[in-house]
Amino acid sequence: MSQFAVETKNLGRTFKRKGREGPLRALDGVNLEIPPGELFGLLGPNGAGKTTLIKILTTLLYPTEGNAFVAGHDVVKRAGQVRPLINMVSGGEHAGYGILKVREQLWMFSQLYGVSTKIAMERIDELLPIFDLEEQAEEKVGKLSTGERQKMNLIRGFICDPKVFFLDEPTLGLDVHVAREIRQYIQKWVRERSDRTMLMTTHYMVEADEMCDRIAIIDQGKVIALDTPSALKSSLGRNAVFRIEVDGLETGDGVLADIPGVSKVAVTSEKETGLSRLDLVLESDAAISEVVVRITGKGGSIRSLAKDEPTLEDVFISLVGRGLGKDA
Ligand SMILES: Nc1ncnc2c1ncn2[C@@H]1O[C@H](COP(=O)(O)OP(=O)(O)OP(=O)(O)O)[C@@H](O)[C@H]1O
Ligand SMILES: [Mg+2]
């Protein structure tokens, strides 16, 4: 039996694609060892394979290669043992019964997990105010806003007090302050007891950085880096990170890449405003002057230029040569 809360061995998942050339490898040889007590993050761009991995670990999807174990049990051969020990909540999900009231819905889900009514009610009363959802307790689920529904879904997961909790994009589309409360509660929940483990996915790098003990950066089905947030950032070593906002620069990522000392560039352009944001990883500060000369020479006018601390996005840029495509 695996001593890890989550363990995967060479895990893979291939999807057949109708009318296309080859099959799609959504997960490709993923090896993870997540000990009990860890808050572990999966960070990656759209389509990286994060949800696919969560689905396999929560017994909703079969892998096509390799093995996965949750709380010591094989997720394929022992799915029945895994299910009572886990819970999963994903951002933007619409599960639930619109005609039930929030409190009824939460109680109903607790019953599916065999929590006694007394304990379930205690937990519901404790959690509703923490998630600022007391006022909606007697409201029908169908009437909740997106954010309120997400908070209710999270409470649903916490009521059952899973051993291993999977959160897929828990703060997707939520207000800044709601997202902050949720992040804090998640951290408190994991820290409170040493036998609780959380695996969460996000493409908000700030979220991953702030919350997680360790992070796996995943791209095109592969884990391309795995470490603590600070170790990942310091892997950039003496490189300097600059952010530049430019007006009227009509070019792709290639425009600055050949300048000596420029390690990686990611460009995010806004069509409407014509503004481009450049995230640059340079070997040292010295390369910035040539970058400025090149931008102005190409007709771009610089709106702002700042040296910055490396973020996880910069780690991603330096590994794959493009941005995550999302900011937070
Ligand atoms: N049931 C399916 N059938 C075919 N292809 C699928 C299926 N589920 C996922 N995929 C493909 O597998 C790849 C990985 O998808 P996945 O949902 O795991 O990405 P993700 O990292 O969760 O992305 P996002 O950040 O957008 O949620 C994508 O290219 C997706 O189109
Ligand atoms: Mg996803």
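The values are calculated or read from the model by the stated rules, or taken from the named source; none is laboratory data. These figures come from a predicted structure and were not determined experimentally. All Cβ positions, even for glycine, are placed from backbone atoms using ideal geometry, and neighbour counts span all protein chains on display. Side chains included, ligands, DNA and RNA excluded: accessible areas come from the protein's heavy atoms. Shrake-Rupley method; radii C 1.70, N 1.55, O 1.52, S 1.80 Å.
Observations, loosely collected:
- Of ALA79, ALA68, all but one fail to be more than 16 Å from ligand 2 (Cβ to nearest atom), under 18 Å from ALA5 (Cβ atoms) and within 21 Å of the chain's Cα centre (by Cα); the exception is ALA68.
- The lone criterion from (1) open to solvent by less than 10 Å² (accessible area, probe 1.4 Å); (2) assigned to a helix (DSSP H, G or I); (3) modelled with pLDDT of 90 or more; (4) not aliphatic (A, V, I, L, M) left unmet by ASP125 is number (1).
Each row is one residue, and each column tells you yes or no for (1) assigned by TED's automatic domain parsing to the domain that holds LEU11; (2) in contact with a strand residue (DSSP E or B) (Cβ under 9 Å, 6 or more places away or on another chain); (3) among the acidic types (Asp, Glu).
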residue	(1), (2), (3)
LEU53	yes, yes, no
VAL70	yes, yes, no
ARG78	yes, yes, no
ARG103	yes, no, no
SER110	yes, no, no
ASP125	yes, no, yes
THR146	yes, no, no
GLN150	yes, yes, no
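- When residues in the stretch 64-82 are screened for being open to solvent by 70 Å² or more (accessible area, probe 1.4 Å), in contact with a Phe, Trp or Tyr (Cβ under 9 Å, 6 or more places away or on another chain) and more than 16 Å from ligand 1 (Cβ to nearest atom), 1 of them pass.
- The stretch 110-122, residues that are touching a Cys at 6+ places or on another chain (Cβ under 7 Å) and either open to solvent by 70 Å² or more (accessible area, probe 1.4 Å) or among the aromatic types (Phe, Trp, Tyr) (or both): TYR113
- Residues of the stretch 91-104 include none that is part of a strand (DSSP E or B), open to solvent by less than 30 Å² (accessible area, probe 1.4 Å) and more than 29 Å from PRO229 (Cβ to Cβ).
To keep it simple, each residue is scored yes or no on (1) hydrophobic (A, V, I, L, M, F, W, C); (2) open to solvent by 40 Å² or more (accessible area, probe 1.4 Å); (3) not assigned by TED's automatic domain parsing to the domain that holds LEU57.
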site	(1), (2), (3)
LEU172	yes, yes, no
GLU181	no, yes, no
ARG191	no, yes, no
ALA208	yes, no, no
MET211	yes, no, no
VAL246	yes, no, yes
VAL262	yes, no, yes
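- Within the stretch 31-63, being open to solvent by less than 10 Å² (accessible area, probe 1.4 Å) and more than 15 Å from ligand 2 (Cβ to nearest atom) holds for LEU32, ILE34, LEU39, PHE40.
- Qualifying residue in the stretch 133-147 (condition: open to solvent by less than 60 Å² (accessible area, probe 1.4 Å), away from ligand 2 (no atom under 16 Å from the Cβ), modelled with pLDDT under 90 and among the hydroxyl-bearing types (Ser, Thr, Tyr)): yes
- Remark: pairs (first residue in the stretch 229-245, of a type in the set (Ser, Thr, Tyr); second residue open to solvent by less than 50 Å² (accessible area, probe 1.4 Å); Cβ separation under 7 Å; 6+ apart in sequence or on different chains) = SER235/VAL315.
- Residues (surrounded by 14 or more Cβ atoms within 10 Å (Cβ to Cβ), over 29 Å from the mean Cα position of the chain (by Cα) and farther than 13 Å from ALA240 by Cα) located in the stretch 274-290: GLU290
- If the condition is being assigned to a loop (DSSP other than H, G, I, E, B) and not small (Gly, Ala, Ser), then the stretch 69-90 contributes VAL75, VAL76, LYS77, ARG78.
- Residues in the stretch 47-63 that are on the phi > 0 side of the Ramachandran plot and within 11 Å of ligand 1 (Cβ to nearest atom): GLY47, GLY49.
- Identity of the residue in the stretch 5-46, within 11 Å of ligand 1 (Cβ to nearest atom) and free of Cβ contacts under 8 Å to residues at least 12 places away in the same chain, that ends up nearest to LEU312 (Cα to Cα): LEU24
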